[in-house]
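Working notes for the structure below.
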Amino acid sequence: MTAVEFIEPLSHDEGVKNATDLFRATYGEEPAGVWAAPGRVNLIGEHTDYNAGLCLPIALPHRTFIALKPREDTKVRVVSDVDSGNVTEADLDGLQAGGVEGWAAYPVGVAWALREAGFNAVQGFDAAFSSCVPLGSGLSSSAAMTCSTALALDDVYGLGYGASDAGRVTLINAAIKSENDMAGASTGGLDQNASMRCTFGHALRLDCRPELSPLENVSQQEFDLDKYGLELLVLDTQAPHQLNDGQYAQRRATCEKAAEILGVANLRVVADEIAKSEDPFQALKETLDKLEDDTMKKRVRHVITEIARVNSFVRAFANGKIDEAGRLFNASHDSLAADYEVTVPELDIAVDVARVNGAYGARMTGGGFGGSIIALVDKGQGREIAQKIADRFEKEGFNAPRALPAFAAASASREA
């Protein structure tokens, strides 16, 4: 039996020291400061963000730290503790979308996106990253990197957007553009909003309708696990997690085509109409009957029912109805597996083991095709369930999973 690995978050002091030490060792000088942004886990509301739907993420205590110093030219140099001996360089002058390869596309892309948005004050920079957000786990290590970079550049170039919630939306947009256009990894904005706007002890109810202002599209929902004697187990299956292989974009395109067929701007319009109808089940059936393609019907059914599950989960948890909250977790996963078809055997087996061993509910989280699951369990039960999943994985010949202790943490910040 292999003991499951638990990944503890870096403390503030550890993260600042690690990033600063790497910066000094790499560039031979002091950084202007250290900034950090968290990874996230989405409680419920999956593949709804790009359909103008609802999501419910929390920020993780696991963060990416960036030590950064601005330059007077347009050169960018970046290094990470994942490969501390390899410095990647790029030049912002004349840079085009897709012009940077590998992980460096994410931070370089943020500066490029800010310049594309008209912030000509943004020049080059030297940066060093240290992170405890697991890579490829579906916990948004990329958003932690782009959002920490955006906050750092906002500070050192005096843009003035990082100090307010509404202002941070400008930085969020740069982070989204970096991922979509420079790194080529489609994202709908859930991850970046969570990394920039979550508050301690709360889940972020994010309403992705484009007509809403930054002050209208989020509300903070209390997510106090201790109040109900609960833990949220986050388990990284370590199944390969790739969102830039076309699967994500394919599902997004299917949803957009369905909205076009139904004559609406996005599937949220349909979801709201169905929710207000006298018989939502019949209204959903009638909507799906307008779509001829069976695959499209399944995708649309997931999106509409998943949007409804977000508000149901918020109400259930607020009222202490933990059994109901768990049932909604289960329904979400089952829909993602059967209708949206984004799970893999590791995700399904991890969810099944968690359910059988006492979880109130369990589901995959993130984009799918690998990555992580979450399970709502009684306090003190998480490590035991994680070990049972690891034992099952060993029997199946899967990679050993890793687990994270999770609670609702705070958003991106200046650390030093």
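Candidates Glu306, Glu324, Glu341, Glu346: the one that is on the phi > 0 side of the Ramachandran plot and of a type outside the set (Lys, Arg) is Glu341. Taken over the range 106-136, the criterion of being in contact with a strand residue (DSSP E or B) (Cβ under 8 Å, 6 or more places away or on another chain) and either free of Cβ contacts under 8 Å to residues at least 12 places away in the same chain or among the polar types (S, T, N, Q) (or both) is satisfied by Gln123, Ser130, Ser131. Would you kindly identify the strands (runs of 3 or more DSSP E) lying entirely within the range 1-84 that contain at least 2 residues that are closer than 22 Å to Ala406 by Cα and small (Gly, Ala, Ser)? Those strands (runs of 3 or more DSSP E) span 33-42.
For the range 203-221, the candidate set comprises residues that are without any contact (Cβ under 8 Å) to a residue 60 or more places away in the chain and among the charged types (D, E, K, R); within that set, the residue that is surrounded by the most Cβ atoms within 10 Å (Cβ to Cβ) is Glu216.
With respect to the conditions (1) in a helix (DSSP H, G or I); (2) out of contact with any Leu (no Cβ under 7 Å at 6 or more places or on another chain); (3) crowded, with 20+ Cβ neighbours inside 10 Å, Ala152 falls short on a single one, namely (2). Of all residue pairs spaced 6 or more apart or on separate chains, none has beta-carbon atoms under 6 Å together with a first member in the range 53-82 that is more than 22 Å from Gln192 (Cα to Cα) and a second member that is among the aliphatic types (A, V, I, L, M) and at pLDDT below 95. Look at Ala338 and say whether it is closer than 14 Å to Gly45 by Cβ and over 20 Å from the mean Cα position of the chain (by Cα). In short, no. Listed by first and then second residue, the pairs with beta-carbon distance under 8 Å, at least 6 apart or on different chains, first residue in the range 161-181 and acidic (Asp, Glu), second open to solvent by 10 Å² or more (accessible area, probe 1.4 Å) and in a helix (DSSP H, G or I), are Glu179/Tyr106; Glu179/Ser142.
For (1) modelled with pLDDT of 95 or more; (2) closer than 30 Å to Thr343 by Cα; (3) surrounded by 24 or more Cβ atoms within 10 Å (Cβ to Cβ), each residue gets a yes or a no:
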{"site": "Trp112", "(1), (2), (3)": "yes, no, yes"}
{"site": "Ser137", "(1), (2), (3)": "no, yes, yes"}
{"site": "Tyr161", "(1), (2), (3)": "yes, no, no"}
{"site": "Ala166", "(1), (2), (3)": "no, no, no"}
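Looking across the range 222-254, the residues that are crowded, with 20+ Cβ neighbours inside 10 Å and not hydrophobic (A, V, I, L, M, F, W, C) come down to Glu231, Asp236, Thr237, Gln238, His241, Tyr248, Arg251.
Tell me whether the range 273-292 contains one or more residues that are more than 19 Å from Asp224 (Cβ to Cβ), modelled with pLDDT under 95 and charged (D, E, K, R). Yes, there is a match, as at least one residue in the range 273-292 is more than 19 Å from Asp224 (Cβ to Cβ), modelled with pLDDT under 95 and charged (D, E, K, R).
The values are calculated or read from the model by the stated rules, or taken from the named source; none is laboratory data. Remember, predicted model here, so these are calculated numbers, not experimental data. Here Cβ is always computed from backbone atoms with ideal geometry, including for glycine, and neighbour counts include all displayed protein chains. All accessible areas refer to the heavy atoms of the entire protein, side chains included, with ligands and DNA or RNA removed. Shrake-Rupley method; radii C 1.70, N 1.55, O 1.52, S 1.80 Å.
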